[in-house]
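This is the structure, below, for whatever I ask next.
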Amino acid sequence: MKNKTVIILISDNHDLESAVYDVPLHHQEAQYFFHCGDSELPYAMLSSYAAVKGNNDFDPGYPDFLTITIGCHRFLLTHGHRYYCGFGYDDMLRKAKEEKCDIVCYGHTHRYDDRMIDGVRFLNPGSIWRNRDGSPSSYMRITLEGKNVKVERLYYPFSLQ
């Protein structure tokens, strides 16, 4: 039997504290929680998350990006604004390859995204606060089983599921 690892990925809560606290309580099956920036909260408030700095985060504790290895996968965690993610994937792809990452988790656009480009999987959970495409506020569950990566779009508040 393969080991199963669950990661919950959120982004862009923009000072909506309840989301940061509710999500881990609602997903006790998860081993990891990732936050792709624009929490607008002090870094210490995200102690249960691997969290990066967004363009609206001013606490100096946030790193610009993180690389995280889980099993056979290596993640690049970024907000995306420094890589012009709203205009394409070239800069993030270059950074992912430089860091030897096969999965990029990013935010900033407030739009859900799951795509493969040149062997790298790009995952954006959308905004857990407000999506710009009019869709409900969302986040993501990533399930790893060996090399397999399963992604599910989830909605906040949880009553929308």
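The values are calculated or read from the model by the stated rules, or taken from the named source; none is laboratory data. Predicted, not measured: the structure shown is a model, and the values here were computed from it. Cβ placement follows ideal geometry from the backbone for every residue including glycine, while neighbour counts extend to all protein chains displayed.
Take the residues in segment 89-128 that are within 12 Å of the chain's Cα centre (by Cα) and among the aromatic types (Phe, Trp, Tyr); name whichever of them is surrounded by the most Cβ atoms within 10 Å (Cβ to Cβ).
Among those that are within 12 Å of the chain's Cα centre (by Cα) and among the aromatic types (Phe, Trp, Tyr), it is 106.
Can you pull out the residues in segment 1-44 that are in contact (Cβ under 8 Å) with a residue 40 or more places away in the chain, assigned to a helix (DSSP H, G or I) and over 17 Å from residue 127 (Cβ atoms)?
Residue satisfying the conditions is 26 alone.
What residue, among those in segment 54-88 that are surrounded by 13 or more Cβ atoms within 10 Å (Cβ to Cβ), of a type in the set (Phe, Trp, Tyr) and in contact with an Asp or Glu (Cβ under 9 Å, 6 or more places away or on another chain), is nearest to residue 119 (Cα to Cα)?
If we take residues in segment 54-88 being surrounded by 13 or more Cβ atoms within 10 Å (Cβ to Cβ), of a type in the set (Phe, Trp, Tyr) and in contact with an Asp or Glu (Cβ under 9 Å, 6 or more places away or on another chain), then 75 is nearest to residue 119 (Cα to Cα).
Inside segment 61-103, can you point out the residues that are among the hydroxyl-bearing types (Ser, Thr, Tyr) and within 27 Å of residue 45 (Cβ to Cβ)?
The first filter runs over segment 61-103 and keeps only residues among the hydroxyl-bearing types (Ser, Thr, Tyr), leaving 62, 67, 69, 78, 83-84, 89.
Within segment 61-103, 62, 67, 69, 78, 83 qualify.
Table: residues versus (1) touching a Leu at 6+ places or on another chain (Cβ under 7 Å); (2) closer than 24 Å to residue 152 by Cβ; (3) among the hydrophobic types (A, V, I, L, M, F, W, C); (4) modelled with pLDDT of 95 or more.
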position	(1), (2), (3), (4)
6	no, yes, yes, yes
11	no, yes, no, yes
27	no, yes, no, yes
42	no, no, no, yes
49	no, yes, no, yes
69	no, yes, no, yes
87	no, no, yes, no
101	yes, yes, yes, yes
